[in-house]
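Worksheet for the structure shown next.
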Amino acid sequence: MNISAIIPHYPIREELDIKLKRCVDSLPNIQEKIVVVNFGLGFAKSVNYGLKVAHGEYLFVVNNDVEWRAGNVFDLCKPGIVTSPKVNGKSQPFWGCFFCIPRDIYTTIGGLDERFEMGYYEDDDYMKRLQEANIPMQSVDSCDVFTEGAGTMRYLDSITISQENKKRYEQKWSKN
């Protein structure tokens, strides 16, 4: 099974570079690790670029501050299902900080919506799009990752970014 991991990275602090290195080094058995240095492009644009150049049959979208802790990465690779590991020991069907998309689902659904600038709500939007397309999402509890959360966003004007992207999300989905 061929896996590509797409890891967007905004190198604005040395601390984030250290977290990125830990993230990349922690991912076992990944054939292709694509770090997209975004220099302010935003999460969605960076992820989409990585998805376009990736060769994997399964595509992992991974935040730059996530560390793999337990499990077999191949357990996340399930045909027809978007999966996520447990995050900090908690299960839910979809985590924006780490999810696996089979290539055929990516081909059908496409990438993240780039109208969400810098960060926040692009993962909520993607989950909503998956739901609208009746694509199942599932937690794979045998896999576990750790993150402190919002590693990059704490160095930006996260309140304003979140508020603006929330407006964009509500405008987009209020029509449905």
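The values are calculated or read from the model by the stated rules, or taken from the named source; none is laboratory data. What you see is a predicted model; the values in this text were computed from it and never measured. Glycine gets a Cβ as well: all are built from the backbone with ideal geometry, and neighbour counts include every protein chain shown. Accessible surface areas use protein heavy atoms only, side chains included; no ligands, DNA or RNA. Shrake-Rupley method; radii C 1.70, N 1.55, O 1.52, S 1.80 Å.
Annotations for the structure displayed:
- Using θ = phi - 60° and Karplus 6.51 cos²θ - 1.76 cosθ + 1.60, couplings along the stretch 55-64 (whole Hz; Gly, Pro as x): 10, x, 6, 10, 10, 9, 9, 10, 5, 5
- For the stretch 2-82, convex hull volume per residue from C-alpha positions, Å³: 83
- Listed peptides 67-79, 43-55 appear in the order 43-55, 67-79 once ranked by packing, highest mean of other Cβ atoms within 10 Å at the front.
- Between the amide H of Ile101 and those of Leu59, Phe60, Val61, distances stay under 5 Å, these residues lying 5 or more places away or on another chain, with hydrogens modeled in the peptide plane.
- Kirkwood Rh (inverse of mean 1/r, distinct Cα pairs), the chain, angstrom: 16.1
- A 1.4 Å probe run over the chain, with the rest of the protein chains in place, finds 48 Å² accessible per residue.
- Values of log10 I(q)/I(0) for the stretch 78-151 across q = 0.12 Å⁻¹ run -0.32, by the Debye formula with one identical scatterer at each alpha carbon and no solvent.
- Qualifying trypsin sites (Lys or Arg not before Pro) for the stretch 93-142 [loop in DSSP, other Cβ within 10 Å: at most 16]: Arg115
- When the listed pairs Lys21/Lys172; Lys52/Lys128; Lys33/Lys175; Lys19/Lys86 are checked against a 29 Å cut-off, the alpha-carbon distance exceeds it for Lys21/Lys172; Lys33/Lys175.
- Overall, the accessible surface of the stretch 76-143 at a probe of 1.4 angstrom is composed of carbon and sulfur to the extent of 47 percent.
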